[in-house]
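Only one structure is covered here, and it is reproduced in the block below.
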Amino acid sequence: METQAMIGRLRGTLIVKQPPWIVLDVHGVGYELEVPMSTLYDLPEPGREVTLLTHYAAKEDTVALYGFLREAERALFRNLQKVSGIGARTALAVLSGVSTADFARLVQAGDVVALTRIPGIGKKTAERIVVELRDRVDGFAGAVPALATGGAVPKDPVAEATVALQQLGYKPAEAQRLVKDAARDGDAAETIIRKALRAALGG
């Protein structure tokens, strides 16, 4: 049985930022959270204080904590998992690939083809999303999309971006191809991931 209502919000110092994971120091306790790229793009560099809305999920064999900068992202994350066949991994892939507003427009338009470009979503699942969420996404259509922020370039942003895409559900060879096509000299991992996801989803 899954439990969801435990930790709803955290404020602390960002100490690790390695897509798609971060670690938040809250009064000396380090909380490891998995975040969608839409949230990670807007996080400051480590050492700064941040406040995140959270979703706590506990099953028999695992406990996971997910973080979001915006309530619209958390709400969509939760709504997606109400659709049969969609788990946390696929829900994060959706939020990492498109803004909440763009996702709402795809669902309202019944664009099954575009939805199937997201890893983990096949045609039948995309059709279920359209049927089950069409009446629930009105509030997301006007949401403001996340904006990328600059930051220090890690030692190996290409490797970091490749690992992040694999974590989102892309196969190793596909992740490597997307990163290779997207990466340019001087790009931070977040920039490479953003461009790779945009290309993968036909944006």
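Each reported figure results from applying straightforward, stated rules to the coordinates on display, with no laboratory input. Bear in mind that the values here come from a model prediction, so they are computed numbers and not experimental data. Every residue, glycine as well, gets a Cβ built from its backbone with ideal geometry; the counts of neighbours run over all protein chains shown.
Where is the GNM fluctuation largest for the chain (alpha-carbon springs, 10 angstrom cutoff): Arg48, Arg74, Arg105?
Looking only at Arg48, Arg74, Arg105, the largest GNM fluctuation is found for Arg48.
Ranked highest first by the average count of other Cβ atoms within 10 Å around their residues, in what order do 7-16, 85-94, 165-174 fall?
Top to bottom by mean Cβ count within 10 Å: 85-94, 165-174, 7-16.
Under 18 Å Cα to Cα from Lys195, which lysines show up? Leave out anything in the same chain fewer than 8 places away.
Lys171, Lys180
Return the lysines within reach of Lys59: Cα separation strictly under 23 angstrom, same-chain partners fewer than 8 residues apart disregarded; answer none if there are no such residues.
Lys82
Which residue fluctuates the most in the chain, going by a Gaussian network model with Cα springs under 10 Å, if the choices are Gly67, Gly28, Gly47?
Residue with maximal mean-square fluctuation among Gly67, Gly28, Gly47: Gly28.
At a threshold of 8 angstrom on Cα-Cα distance, excluding pairs fewer than six apart, so keeping six or more, what relative contact order does region 157-200 reach in percent?
Dividing the mean separation by the residue count of region 157-200 yields 45 percent.
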